[in-house]
Amino acid sequence: MKTLRSIRLTTVLSLLLAGEIYCQPASPTDTSGNYATVKQTIEQAIGWAIEKDFEAMYNLWADDLFHFWLFSDSKVIGLEDFKKHSEVWKDPEFRGTSFAFKDLRIVFSRSGDVAWYSCFLDDCSTYKGKESCLKDVFQTGVLEKRDGRWVHVLMHGSYPVDKIPENYVRRFYSNLFETKQ
Amino acid sequence: MKRFLLIYYCFLVIPIILASCQNKVTEAVFNEVEELKLVKQSIDNVFKWAVSKDFDLFYRSIANDSDFISVTPYNRVKFGFSEDRKDSSFWGSPDFRAIRHELYDLHIKLSQNKDVAWFFCYLDDINEWKGEPASWENARWTGVLEKRNGKWVVVQQHFSFASE
């Protein structure tokens with residue numbers, strides 16, 4: 001009788017304790033080793049351009065990705081659309097040279113399978129031997145762990161309208177500057 | 001006796017625990033359409049509060065923590081809920097009047113676990129400051145929401161205008 005009561009008590013306590021342990025969402029602060037992988041996935045989404053391994057780059061993105069970049073024609077929905085968008089980077093005269101993510105802040109969801117981030121990006125490349133850099137682009141994004149792999153599902157890069165770098169303006173509106181001179 | 005306990009745990013206690021965890025996910029799958037409506041409502045509330053200056057509605061629609069990030073189209077990023085709250089005096093001023101807002105081309109995605117959502121859209125936010133237009137038109141808006149204590153809250157958002 002005493003044994004049965006003890007089993008009952010142990011069962012109730014075990015259920016409560018196990019339920020607390022197994023059903024509780026993970027802490028938003030990542031301790032599972034995902035941070036390094038997510039950081040690398042974010043960095044390689046820009047850094048791939050140095051090696052120009054397109055297949056490796058496409059693997060960093062989800063099939064249903066969304067992308068806004070600096071320009072009005074940079075809206076991309078889905079990986080197939082992104083592949084078309086990336087055709088221009090296949091030009092052999094183009095290559096990434098260096099990049100830096102400043103103040104990168106990654107936050108994990110409570111369930112641990114989604115991460116979002118913000119940072120300031122410096123992205124340098126060379127085209128026909130001439131190097132140019134986009135400095136301090138404000139970049140945000142979202143990644144999800146799908147089939148054990150972290151992929152970008154959303155990326156948004158922009159310049160503040162009141163602080164667009166002069167070299168950027170010159171790059172796209174050089175005629176305007178030439179006329180003034 | 002030990003054998004009995006082992007069998008008891010393996011075939012009764014552990015399956016019950018696993019089943020109860022599984023149910024949480026299954027329930028969410030059934031309500032996906034409703035869940036998307038709730039997400040959309042929370043996104044909309046980020047601007048809806050302004051017409052009636054319902055600050056409580058606004059503060060309920062964004063995450064009340066230091067990780068909250070709001071990127072404005074200007075040279076300003078607000079890190080943390082308290083930073084966003086600092087703008088209350090501006091919005092609360094009688095000189096500021098929200099007229100209407102409209103979201104278009106809104107796309108929302110739910111995470112596989114259905115506890116996170118992200119979105120993108122274009123936004124017209126029509127306001128006045130001292131009777132003069134103070135609006136955002138055709139702003140690009142992306143963001144992330146997380147379901148916390150049964151409510152969807154925006155945890156990160158990014159507004160911008162295309163540079164060319």
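The values are calculated or read from the model by the stated rules, or taken from the named source; none is laboratory data. Given the structure is predicted, the values throughout are model-derived calculations rather than measurements. Positions of Cβ are generated from backbone atoms using ideal geometry, with glycine treated the same way; all protein chains shown enter the neighbour counts.
Taken together, the residues in the stretch A:105-122 that are within 8 Å of chain B (Cβ to nearest Cβ) and free of Cβ contacts under 8 Å to residues at least 24 places away in the same chain amount to 2.
Condition first: at the interface with chain B (Cβ under 10 Å from one of its Cβ atoms) and not acidic (D, E). Now tell me which residues in the stretch A:54-64 satisfy that. Hit for the stretch A:54-64 is A:A62, nothing else. B:A162 passes every criterion in (1) surrounded by 19 or more Cβ atoms within 10 Å (Cβ to Cβ); (2) closer than 22 Å to A:K75 by Cα apart from (1). Candidates are the residues of the stretch B:106-164 that are facing chain A (nearest Cβ under 9 Å) and among the acidic types (D, E); the one that is nearest to B:D67 (Cα to Cα) is B:E146.
Show me the helices (runs of 4 or more DSSP H) entirely contained within the stretch B:46-92 in which 1 or more residues are within 14 Å of chain A (Cβ to nearest Cβ) and either in contact with a Leu (Cβ under 7 Å, 6 or more places away or on another chain) or not aliphatic (A, V, I, L, M) (or both). Reasoning before the result, please.
Numbers: elements: B:55-61, B:81-85, B:88-92.
It comes to B:81-85.
Residue check: is A:L79 at pLDDT 95 or above and within 21 Å of B:S160 (Cα to Cα)? No: the conditions fail for A:L79.
If you go through the stretch A:88-144, how many residues are of a type in the set (V, I, T) and surrounded by fewer than 19 Cβ atoms within 10 Å (Cβ to Cβ)? Of the residues in that region, 4 qualify.
Being charged (D, E, K, R), part of a strand (DSSP E or B) and surrounded by 17 or more Cβ atoms within 10 Å (Cβ to Cβ) is the filter here, so list the residues in the stretch B:98-132 that pass it.
Here is the first cut: in the stretch B:98-132, the ones charged (D, E, K, R) are B:100, B:102, B:105, B:109, B:114-115, B:124-125, B:128, B:130, B:132.
Then drop every residue that is not part of a strand (DSSP E or B), which leaves B:100, B:102, B:105, B:109, B:124-125, B:128, B:132.
Of everything in the stretch B:98-132, those that are charged (D, E, K, R), part of a strand (DSSP E or B) and surrounded by 17 or more Cβ atoms within 10 Å (Cβ to Cβ) turn out to be B:K109, B:D125.
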